[in-house]
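The values are calculated or read from the model by the stated rules, or taken from the named source; none is laboratory data. This structure is a prediction, so every number in the text was calculated from the model and none was measured. Neighbour counts are summed over all protein chains in view; Cβ atoms, including those assigned to glycine, are modelled from backbone coordinates with ideal geometry.
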Amino acid sequence: MSDSITKTCIMDLPINYYSSFNVYQSLMMQKIQNILLVSSPYDAYLMEEEGNLTSRIINEYRGLNLTRPPSITQISSAEKALAYLSCKSADMVITMPNVGDMGVLSLAKKIKQHDPNLPVILLAHGLPSVASLLQSNSSRIFDRIFIWTGNSDLLLAIVKHVEDVLNVLPDTQQASVRVFIFVDDAPDFRSFFLPFLYKEIVKQTQGVLSATLNEEHRLLKMRARPKVLVAENYEEAMDLFETYQTYIMGIISDTRFPKNNKMLDNAGILLLSQMHKQMPDIPLLLMSSDAENQKFSKEIPAKFIHKKSPQIQKELRKFFLHNLHFGDFVFRNSEGKEIQRANSLGSFESALKKIPEDSLRHHAQNNEFFSWLMGRSEIALANIFRSVSISDFPSTGSLRYFVISNIHHLRKCQQHGIVVQFQGEIFDADIFDFTKIGNGQLGGKARGLAFIARQLSHETDFFNKYKDIVIRIPKTIVIATDIFETFVAQNNLEDLSSPSIENSIVRDRFLKAAFPENIVSQLKQYLIQVKHPLSVRSSSLLEDALCQPYAGLYETYMIPNNATDIEIRLDQLITAIKLVYASTCYEGPKSFSKSTNNLTHDELMAVIIQELAGETWEDYYYPAISGVVQSHNFYPIAPITPDDGIAHIALGMGKTVVEGERVLRFCPKYPNILPQFSSVDDILKNAQRFFYALKIKNNTQNRLFREESNLERLEISDYESHDVVRQLSGTYIPEEHRIRDSGALNGPKVLTFASILKYQLMPLPEILSDMIELGTKAMGGPVEIEFAVNLKSSQTPTFYFLQIRPMVAGGEKMDVKISDDEKEHSICYSQKALGNGKNTAIQDIIFVKPQSFDISKTTDIVSEISSINAYLHKERRPYILMGPGRWGTSDRWLGIPVQWNDISGVSAIVEIRNKDLMADPSQGTHFFQNITSLGIQYLTVTEGTEDRIDWQWIQNNPLQKETSFLQHVKTPQPIVLKVDGRQSEGVILKN
């Protein structure tokens with residue numbers, strides 16, 4: 001078999017088979033929930049001598065970690081039972097022999113006449129009470145006959161056996177569930193042996209389930225446990241064998257039972273011999289009360305157990321472990337000597353890399369890999385292994401590659417969409433996608449990631465559509481909220497939630513605090529394997545919530561994680577975690593929490609440690625593209641509609657986008673409609689000039705954890721030698737005053753992203769359209785998605801799904817109408833307004849004096865705004881804030897770089913766009929997300945359009961305070977602010 005064929009077989013394993021668990025959801029659809037027990041009061045008394053039957057069966061279910069135990073309704077006579085069934089339903093009837101005057105045979109016949117498919121089980125107190133019945137054909141009216149011995153395990157076995165019979169056909173067809181055939185005609189031995197058989201199957205199946213599965217998936221996978229079918233004669237056994245031959249896991253047979261309606265002493269020997277002839281590799285077990293029959297078992301060949309052996313349970317367990325492969329996989333050499341063991345898929349994969357060639361070929365030739373995987377319910381891969389033979393491979397090396405690659409692929413597939421508890425001894429950085437340290441909550445941001453990871457694991461069609469693109473969530477480990485609680489409590493940091501404590505004091509206290517030793521140990525185990533750059537991000541309980549997302553309020557740190565000394569890397573990681581923790585007590589989050597009526601001391605923080613999306617370019621690490629895409633566009637331009645969405649992208653780290661610097665804005669559905677790039681002059685003016693990157697060489701501790709950011713802000717023109725810059729740029733030709741769509745030409749580079757949007761270097765617009773459609777459907781409303789893209793020419797393009805959060809505007813249900821007269825006589829009118837509603841409680845207006853505005857002084861303006869805001873916020877006086885440029889940007893040349901704590905009392909914001917400061921609306925920033933989530937109306941007034949603002953009326957109001965750049969006025973009466981969210985229009989009116 002060639003490598004190409006081998007790789008095809010690997011891809012044939014469905015990516016969503018294990019992660020979605022759809023196949024397990026559809027198994028065991030027919031459950032026994034209601035049992036009707038028909039018995040005389042005395043029989044019922046005997047059965048309940050050791051306790052209530054329902055309680056006992058519930059205890060049996062709990063003891064085996066099985067779900068949904070059935071309920072039992074006990075009725076004392078046949079007549080009452082028939083009356084019950086005429087008006088109520090039951091899933092199974094268990095009847096004792098003594099049921100009143102009618103007789104048990106008559107009862108069974110009438111039940112079958114009423115419902116031929118209703119299982120009827122005869123349960124007797126001893127073999128003599130049913131001896132005459134067994135000798136006649138009339139016993140066939142019962143689905144099965146058992147003997148009560150006082151063991152409540154029998155009830156569980158009866159329930160499971162009936163469920164197996166009801167579900168075996170659909171479950172084998174849908175999921176290739178394995179089947180056991182148990183052949184024995186004696187009700188007493190069957191009643192003794194079947195409970196033990198079921199208990200052993202359940203325990204062994206639970207024992208081999210991967211420790212990496214979460215509890216939900218372990219329970220689902222239990223539905224694929226082997227089924228037990230019972231035959232009482234040769235013909236029944238052969239019929240079951242031929243019907244389910246493809247799915248048979250093993251056969252256990254008595255030696256003496258009927259064949260052709262005659263009792264044969266060697267029927268079991270004949271049966272197993274025939275089955276071995278048809279399926280040479282099937283495990284067989286012969287049982288007999290006569291020890292002499294052991295010699296015949298060797299001729300079949302089959303294992304042998306003496307029915308009267310005091311070690312019968314121990315011997316059966318040995319058969320399960322060694323012959324049915326529920327135990328360790330024992331690797332043996334050509335002489336049969338044990339050379340290695342594997343007790344998990346991980347250790348199995350490791351052993352496969354080391355065992356000698358003769359051992360590998362021996363186990364493959366005997367289909368032992370198939371059998372061992374089936375014992376673990378790894379049905380899909382087991383079937384792939386069974387479909388090939390050694391002769392398909394040109395060499396033992398290609399066989400080894402095939403087996404190892406498929407096992408590795410299976411282990412990866414198992415983890416798609418699953419959050420796994422971190423265990424250092426089994427952690428494998430290449431296998432585990434999403435891991436959790438601690439027992440607390442994941443926090444909002446991590447919860448959103450875990451949710452979308454699970455949703456994406458179901459989207460087979462989506463991944464098939466983009467086969468040439470790697471689409472994934474970066475590998476993630478989350479430190480749960482309980483670790484934060486422990487850290488704060490052990491270091492007495494609770495007092496830092498007070499609003500009066502400065503950030504620098506908070507930061508210093510958190511950095512000096514001791515981190516829990518057990519978590520330090522686990523993080524060290526993590527770092528032993530993980531050596532790529534990391535992003536350490538917040539995931540508070542309130543972050544990315546449906547109503548108030550708390551976007552961008554907490555700290556994020558990127559660390560190179562490339563020091564040769566692991567202690568240095570560990571120290572940097574713990575420092576980053578502490579600083580993320582500290583940010584819960586910083587001034588910004590406190591102010592925001594106060595505005596939302598949430599309490600800072602109630603906030604709990606989880607931390608996301610994530611593979612940092614990006615690539616190495618000389619001394620720096622950054623992705624080709626970072627961006628934000630939103631499913632709702634607040635500022636559409638025809639033919640674009642609001643539901644077509646809007647994307648903002650930039651070269652380098654996403655800080656450029658989320659903090660409102662120069663980015664490229666486009667609609668994924670119409671990627672070539674670019675208003676900000678409508679002419680060469682517009683492109684030169686609006687194109688991104690700076691980008692952010694993580695310095696990975698010669699980075700100092702002080703630089704890594706400085707307060708403003710540990711990323712470097714680089715000028716694009718200084719890094720035109722980087723392939724990715726040329727890849728995404730055009731070249732400006734001054735003498736032609738044009739930009740050519742190639743970064744390979746001589747001349748200044750201009751970041752146009754034409755290779756993506758125009759020439760489809762990768763189908764980013766299409767991926768984004770599909771992503772927002774999937775996200776909106778999954779979250780039940782508009783969403784915002786953060787993403788990154790790697791484009792290194794030597795590698796497959798990779799799309800990283802970084803974050804998803806709901807988009808919230810608030811108040812959309814209020815019907816607000818703005819008349820033409822109101823537009824004409826308004827103080828302010830905007831054709832691009834965000835929010836929805838009417839506000840009549842504002843009298844205060846803070847505005848930047850048009851005649852005093854200086855773009856170079858925007859940071860000074862922030863200080864003045866912050867001072868007036870503090871006063872008005874304390875007085876609980878809401879206000880309107882007006883000024884030029886983009887509010888909340890980190891680029892002071894595009895607008896006024898306020899942060900939330902600078903404007904925490906604001907009720908509405910007016911952004912003024914004029915010929916000197918015409919920054920494009922930035923919908924992808926954290927600032928933008930937070931103001932819309934709080935219901936703060938945002939009006940954009942563009943000079944030279946139908947928008948208007950009456951400066952004369954505003955300035956004629958009583959002056960409250962004037963600074964170098966601001967005026968604060970108060971109107972005699974509250975003004976009226978109206979925003980029509982459906983039309984994106986807003987007005988401010990005199991009252």
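Points to keep in mind about this one:
- Scanning region 364-380 for residues that are surrounded by fewer than 21 Cβ atoms within 10 Å (Cβ to Cβ) and over 30 Å from the mean Cα position of the chain (by Cα) returns GLN365, ASN366, ASN367, GLU368.
- Selection within region 933-986 - surrounded by fewer than 17 Cβ atoms within 10 Å (Cβ to Cβ), of a type in the set (A, V, I, L, M, F, W, C) and in a strand (DSSP E or B): LEU959
- One residue from GLY424, GLY438 being surrounded by fewer than 18 Cβ atoms within 10 Å (Cβ to Cβ) and either in contact with a strand residue (DSSP E or B) (Cβ under 9 Å, 6 or more places away or on another chain) or touching a residue at least 40 places away in the same chain (Cβ under 8 Å) (or both): GLY424
- Residues of region 713-737 satisfying the condition of being among the charged types (D, E, K, R) and at positive phi: none
- Sole exception among (1) in a helix (DSSP H, G or I); (2) at pLDDT below 90 for SER866, by number: (2)
- Selection from region 449-472 of residues that are more than 18 Å from the chain's Cα centre (by Cα) and surrounded by 16 or more Cβ atoms within 10 Å (Cβ to Cβ): TYR466, ILE469
- Among (1) under 24 Å from TYR621 (Cα atoms); (2) among the hydroxyl-bearing types (Ser, Thr, Tyr); (3) surrounded by 20 or more Cβ atoms within 10 Å (Cβ to Cβ) - the single one SER717 does not satisfy: (3)
- Filtering region 352-368 to residues that are in contact (Cβ under 8 Å) with a residue 40 or more places away in the chain and within 21 Å of PRO280 (Cβ to Cβ) leaves LEU360, ASN366, ASN367, GLU368.
- When region 180-213 is limited to residues that are more than 39 Å from the chain's Cα centre (by Cα) and modelled with pLDDT of 95 or more, the one that is farthest from ILE426 (Cα to Cα) turns out to be ASP184.
- Considering region 82-98, and only residues there that are outside any strand (DSSP E or B) and within 18 Å of TYR45 (Cα to Cα), the residue that is nearest to the chain's Cα centre (by Cα) turns out to be MET96.
- Flag if GLN311 is over 30 Å from SER350 (Cα atoms) and either over 45 Å from the mean Cα position of the chain (by Cα) or acidic (Asp, Glu) (or both): yes
- The set of residues in region 370-385 that are under 24 Å from GLU338 (Cα atoms), out of contact with any His (no Cβ under 6 Å at 6 or more places or on another chain) and assigned to a helix (DSSP H, G or I) comprises PHE370, LEU373, MET374, ALA382, PHE385.
- The number of residues in region 593-614 that are modelled with pLDDT of 55 or more, over 19 Å from the mean Cα position of the chain (by Cα) and not in a helix (DSSP H, G or I) comes to 4.
- Residue match in region 916-936 (condition: within 12 Å of ARG886 (Cα to Cα), outside the structural domain of GLY627 (by TED's automatic domain parsing), in contact with a Pro (Cβ under 7 Å, 6 or more places away or on another chain) and at pLDDT 90 or above): no
- Residue in region 462-483 that is in contact with a Lys or Arg (Cβ under 6 Å, 6 or more places away or on another chain), among the β-branched types (Val, Ile, Thr) and within 29 Å of ILE418 (Cβ to Cβ) present: yes
- Taken residue by residue, region 559-573 has no member that is modelled with pLDDT under 90, assigned to a helix (DSSP H, G or I), closer than 25 Å to GLU517 by Cβ and not assigned by TED's automatic domain parsing to the domain that holds GLY660.
- Single match in ILE756, ILE739, ILE767 (criterion: out of contact with any Lys or Arg (no Cβ under 6 Å at 6 or more places or on another chain) and more than 20 Å from ASP682 (Cβ to Cβ)): ILE767
- Which listed residue is within 26 Å of ILE431 (Cβ to Cβ) and in a helix (DSSP H, G or I), from PHE348, PHE296, PHE331: PHE348
- When LEU496 is tested against the conditions (1) farther than 30 Å from LEU764 by Cβ; (2) surrounded by fewer than 18 Cβ atoms within 10 Å (Cβ to Cβ), the lone failure is (2).
- If only residues of region 151-187 that are over 17 Å from ILE282 (Cβ atoms) and small (Gly, Ala, Ser) are counted, the one that is surrounded by the fewest Cβ atoms within 10 Å (Cβ to Cβ) is ALA186.
- Among the residues of region 389-407, the ones that are buried (at least 18 other Cβ atoms within 10 Å of the Cβ) and either outside any helix (DSSP H, G or I) or at pLDDT below 90 (or both) come to 1 in all.
- Residue selected from region 315-342 under the condition at pLDDT below 85 and surrounded by fewer than 19 Cβ atoms within 10 Å (Cβ to Cβ), by the criterion nearest to ILE282 (Cα to Cα): ASN323
- All of LEU272, LEU286 fail the test of being touching a helix residue (DSSP H, G or I) at 6+ places or on another chain (Cβ under 6 Å) and either crowded, with 18+ Cβ neighbours inside 10 Å or touching a residue at least 40 places away in the same chain (Cβ under 8 Å) (or both), apart from LEU286.
Results for (1) in contact with a His (Cβ under 9 Å, 6 or more places away or on another chain); (2) assigned to a loop (DSSP other than H, G, I, E, B); (3) modelled with pLDDT of 90 or more, shown as yes or no for each residue.
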| site | (1), (2), (3) |
| --- | --- |
| THR616 | no, no, yes |
| VAL628 | yes, no, yes |
| PHE634 | no, yes, no |
| PRO639 | no, yes, no |
| MET653 | no, yes, yes |
